[in-house]
Amino acid sequence: MPPLDIRDLPGFSPLIKDYVHRFARLAPFYAVDPHAPDTFRTLAGRCDRRTFPRQELRSMLRARNQAWGAPDVVLRRIDDLCRKDGLAVFTGQQTGLFGGPLYTLYKAMTAIVVATRLEADLGRPVVPVFWLASEDHDIAEADHVVVADQSGTPVEIRHTRWGSPGFFPAQLRLGPAIQDTLAQLWSVLPETEFTAEWQRALADAYAPERTLADAFARWMLHLLGEAGLVLTDAADPALKHLAAPLFTRELEMAPRTSELILAASQELRALGYPAQIEARPEGVNMFWIRNGRRPLIRTADAFRLRDSGESVSPDSLLACCRDAPEQFSPNVALRPIVQDAIFPNIAYIAGPGELAYFAQLKNVYAALEVPMPAILPRASLTILDARMPRLLERFRLRLSDLTAEPEQLASKVLRSQLPPDIEATLVAARVQIEEIFGRVREQVAAVDPTLSATAGQTGGHLKGHLDQLERKVVQALKRREADTRQQLQRLRQGLMPGGKPQERVYPAIPYLAKYGPVLLSVLTRAITGPGWTHDLLPMGGEATADHAFGMDGAVTTRRSDA
């Protein structure tokens, strides 16, 4: 099936649409043009002129990835990254239950594909790295998944009984109750020939003794480790020590970087784009980890904890940051700059929200003297089960039509299915029968008056047959309406559950259980570069093969100027 233009789909903001189709309008907010053919050679050259803590990175990454059970290929890729000419392509995501939504997998796979293409283009190591956002404190977003039950109805599976206290995934142990959560998951999903295989794999990753972040890491390596995906943990103390100089610089400059974000926000709003990051004029783009992630603000003579007002002298806070950087955590604005300060990164694979907030960070990168990488959109896909392409064609629906409320969608489709003027046609048939047999009775009576009644009965029989036909038509329409409503419900719940894109609602595990490991192979072939379009991926038969091999694979040249 041909790719879809993201301008025709829900969930993509005007900024994202313009980034893909009218980049010149947004060029002042980004450091490089991701479409320009020389972009990545230029970025590689910038990395060559910088100094990175490559040996420290190698020790940190090997230790963490080995602890998560990474295969040998990951360790080799870490060595490649930490060579003097090694480069990275980054992506990242909150560490959620059972791998989080499908788009998490798509981000990682896009990073793998882009890194592979750039490695061939540049003739030097380019390694995909996934940043585990394990200090994200919004546990309500990370502690559940939504899966479709055997009827296709979305069901939420939430894990709430933790084995340890904590405020974010790096602290929260799953505890024995995770076994009940896993059992609930598998009780909802239809059983397939692949179920037992994925039950073992998921239970091994999400074991009671693991934190939510560690479980996520093991699951990602199980899925993509053999593809060479390297993981790094935001909560790793070794990483925090490498980031300490940047943390210190942010504290020394505060609130200057927040002011730069606010200035960019005003410029974006003037062009009609909403700001993704809501900065505060006195804000510090870091948290102090003390019984949770505590936001900081800067006043004229001190730092303060925003939630309590507690004051801390600048000298004390700076000394703490230098001596114990593990007690600090970057916020959404500083996080990518930390990554790019310590890794030789040339590209970041961003989701729609991330891509938008990078538009506010160009001057922050410059103020902190860190080069900004190219920002590339992640692959965006919708998986279609075997019958879904036929149903879309039969009902003449586009993916965007499925965002409508169920009753509106059903009414639209049912109206389009009704034969035109069927009721008027049946009424006209009755009138014609009356007229025709009225004349027949008159003419028959002129020949033999006794046949007039017979002619009338014949007309009555015909009207009776017509009434019977009408009842059958009504019954058939009711049956078709019920079938249509059921099919539309399954279609909407499968492709646009709750009016939201499939990739933002469902995790990978139901599709892995349904299709087996071949799903990863199909996705690997289908994701050939950044997500400049949205792709429909039919599963099964020739449609899958045609789609998977029929896409343009260029990383740096594929674009639209429309």
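Each reported figure results from applying straightforward, stated rules to the coordinates on display, with no laboratory input. Just so we're clear, the structure is a prediction, and the values are computed from it rather than from any experiment. Cβ coordinates were reconstructed from backbone atoms using ideal geometry, including for glycine residues, and neighbour counts include every protein chain displayed.
Between Asp204 and Glu326, the FRET efficiency estimated from the beta carbon spacing at R0 = 22 angstrom works out to 0.15.
Let me check against my output: what whole-number percent is the relative contact order of the chain, with C-alpha pairs under 8 Å and at least 6 apart? Relative CO of the chain lands at 22 percent. A crude spin-label estimate for the pair Leu426 and Thr454, with each label 7 Å from Cα along the Cβ direction, gives 3.2 nm. If R0 is taken as 22 Å, the Cβ-Cβ distance between Asp315 and Arg290 corresponds to a FRET efficiency of 0.75.
Peptide packing for 116-124, 352-360 was compared via the average number of neighbouring C-beta atoms within 10 Å per residue; ordered from the highest value, the list is 352-360, 116-124. Each of Ala207, Gly494, Thr195 was placed along the dipole of the chain (beta-carbon charges, centred on the mean Cα), and the one lying farthest toward the positive end is Gly494. Packing here is the average count of other Cβ atoms within 10 Å per residue, and on that basis the peptides 246-252, 189-195, 328-334, highest first, run 328-334, 246-252, 189-195. Contact order, relative form, for region 405-495: 39 percent (alpha carbon pairs under 8 Å, 6 or more residues apart, mean separation divided by residue count). Positive-end ranking of Asn291, Ala263, Ala27 along the dipole of the chain, with charges on Cβ about the Cα centre, is headed by Ala27.
The alpha carbon centroids of region 105-183 and region 484-500 are separated by 25 Å.
Extending 7 Å from Cα along the Cβ direction at Ala366 and again at Arg479 yields two label points whose distance is 7.0 nm. Cβ-Cβ distance of Met1 and Arg25, R₀ of 41 Å, FRET efficiency by 1/(1 + (r/R0)^6): the value works out to about 0.85. Less than 5 angstrom separates the built amide H of Arg306 from those of Leu296, Ile297, all sequence-distant by 5 or more or on a different chain. On C-alpha positions alone, give me the angle between the axis of helix 256-270 and the longest principal axis of the chain, in degrees, nearest 10. Approximately 30 degrees, to the nearest ten. Taking the DSSP bridge list for the chain and keeping only pairs wholly inside it, about 45 percent are antiparallel. Stretched out straight at 0.36 nm per residue, the stretch from Asp85 to Ala183 would grow longer than its current Cα-Cα span by 30.6 nm. Computed from Cα atoms, the angle from the helix 72-81 axis to the main principal axis of the chain rounds to 60 degrees.
Residues whose amide H lies under 5 Å from that of Gln93, counting only those 5 or more places away or on a different chain, are Trp131, Ala133; hydrogens are built 1.01 Å from N in the peptide plane. Between the Cα long axis of helix 422-447 and the first principal axis of the chain there is an angle of about 10°, rounded to the nearest 10.
In this structure, the amide hydrogen of Leu4, modeled 1.01 Å from its nitrogen in the peptide plane, lies closer than 5 angstrom to those of His534, Asp535, Leu536, counting only residues at least 5 positions away or on a different chain. Label-to-label distance, Leu414 versus Asp138, with points set 7 angstrom from Cα along the beta-carbon direction: 3.8 nm. The distance from the alpha carbon centre of region 193-240 to that of region 275-336 is 31 Å, rounded to a whole number.
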